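The values are calculated or read from the model by the stated rules, or taken from the named source; none is laboratory data. A quick note: this is a predicted structure, and the numbers were derived from the prediction, not measured. A quick note on method: Cβ atoms are made from the backbone with ideal geometry, for glycine too, and the neighbour counts reach across all protein chains shown. Accessible surface is based on the protein model in full, side chains and every heavy atom, while ligands, DNA and RNA are left aside. Shrake-Rupley method; radii C 1.70, N 1.55, O 1.52, S 1.80 Å.
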Amino acid sequence: MADTLIPSLRTALLVLLIAIVTSGCTPGISCDVYRLHRLPAPTGETVAIVAADSDLQTSLEFANYRALFEERLSNAGYTPVADTAEATLIAEIEYSVSEGAPRVMSSWPRCSYRYYYRSGEPFNPQWYGYRCWEPPTVSTIAQYVRELRMDIRPAGQPQSEPLFEGRATSIGLSNRMSEIMPYLVAAIFDNFPGESGQWKTIFIEEDALDEPDEVGASPASGSGCPATV
């Protein structure tokens, strides 16, 4: 009985610790964001969202992403339009997924203390030792770098200096951009246009994706919470 009591107690304590650490967590992902801008305060200027890769402009995938930007830009005080000829501003979008450094995962060995007792002497162990029946394991899991870029420039001036440059990067286990894009968009528009020239790590909660005005949380408020994707 003593041979199994200590491992069982240790397992129970581990489960309790994990429950305490993760009890306040909300699903989401962490994004590193960098923004440069000299944008004047918006007064309803018209803006057209275009793909940096012209081959994607008419794709259904980009149409879904464009809707995300239109909502955020509208909430920021701009007027999205479909025709670039009607726009005073152009928001150029570029995104990519690439394989990053793998995540190394390791497990603890499964071990226990072993005690032997004489009959009638429950508090006098004759021998004790440490026995492991399952060695530690090490494995690797593929990770992906998901990146989003948004540049805003005056319409009709393709060579002009952008008024806004935004970059959002996230590293995670999913390479499905359709799942990640709402988080990256939310990160770029966190407190838009943001502090110019500053890197910022933003934890985007899943629940906040439906609340465009309150999309981000500081690392402190999301601390300890694992990314979901």
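Checking the condition over 21 Å from Asn75 (Cα atoms) and either modelled with pLDDT under 95 or open to solvent by less than 30 Å² (accessible area, probe 1.4 Å) (or both), which residue from Ser196, Ser170 passes?
Ser170
Hey, can you tell me all the residues within the range 140-167 that are in a loop (DSSP other than H, G, I, E, B), modelled with pLDDT under 90 and of a type in the set (A, V, I, L, M)?
Result: Ala142, single match.
Could you check Gly156 against (1) among the small types (Gly, Ala, Ser); (2) open to solvent by 40 Å² or more (accessible area, probe 1.4 Å); (3) over 21 Å from Arg66 (Cα atoms) and say which number it fails?
If we test Gly156 against (1) among the small types (Gly, Ala, Ser); (2) open to solvent by 40 Å² or more (accessible area, probe 1.4 Å); (3) over 21 Å from Arg66 (Cα atoms), just (3) comes out false.
Would it be correct to say that Asn175 is in contact with a Phe, Trp or Tyr (Cβ under 8 Å, 6 or more places away or on another chain), surrounded by fewer than 18 Cβ atoms within 10 Å (Cβ to Cβ) and part of a loop (DSSP other than H, G, I, E, B)? Steps first, answer last, please.
Working: in contact with a Phe, Trp or Tyr (Cβ under 8 Å, 6 or more places away or on another chain): yes; surrounded by fewer than 18 Cβ atoms within 10 Å (Cβ to Cβ): yes; part of a loop (DSSP other than H, G, I, E, B): yes.
Judged against the criteria, Asn175 is a match.
Give the range 46-103 a look and list any residue that's farther than 19 Å from Arg176 by Cα, over 22 Å from the mean Cα position of the chain (by Cα) and part of a helix (DSSP H, G or I), or say none.
Those that are farther than 19 Å from Arg176 by Cα, over 22 Å from the mean Cα position of the chain (by Cα) and part of a helix (DSSP H, G or I): Ser54, Asp55, Ser74, Asn75, Ala76, Thr84, Ala85, Glu86.
Go through (1) at pLDDT 90 or above; (2) outside any helix (DSSP H, G or I) for Pro219 and report which single condition fails.
With (1) at pLDDT 90 or above; (2) outside any helix (DSSP H, G or I) applied to Pro219, the lone miss is (1).
Kindly list the number of the only condition in (1) assigned to a helix (DSSP H, G or I); (2) open to solvent by 50 Å² or more (accessible area, probe 1.4 Å); (3) modelled with pLDDT of 95 or more that fails for Tyr34.
Tyr34 satisfies all of (1) assigned to a helix (DSSP H, G or I); (2) open to solvent by 50 Å² or more (accessible area, probe 1.4 Å); (3) modelled with pLDDT of 95 or more except (1).
List, please: which pairs have Cβ atoms under 9 Å, are six or more places apart or on different chains, and start with a residue in the range 45-71 that is hydroxyl-bearing (Ser, Thr, Tyr) and end with one that is in a loop (DSSP other than H, G, I, E, B)?
What qualifies is Thr46/Tyr78; Thr46/Val81; Thr46/Ala87; Thr46/Thr88; Thr46/Ala155.
Restrict the check to the range 199-206 and report whether at least one residue is modelled with pLDDT of 65 or more and acidic (Asp, Glu).
The first filter runs over the range 199-206 and keeps only residues modelled with pLDDT of 65 or more, leaving 199-206.
From what's left, acidic (Asp, Glu): 205-206.
Within the range 199-206 (the criterion being modelled with pLDDT of 65 or more and acidic (Asp, Glu)), the answer is yes, since at least one residue qualifies.
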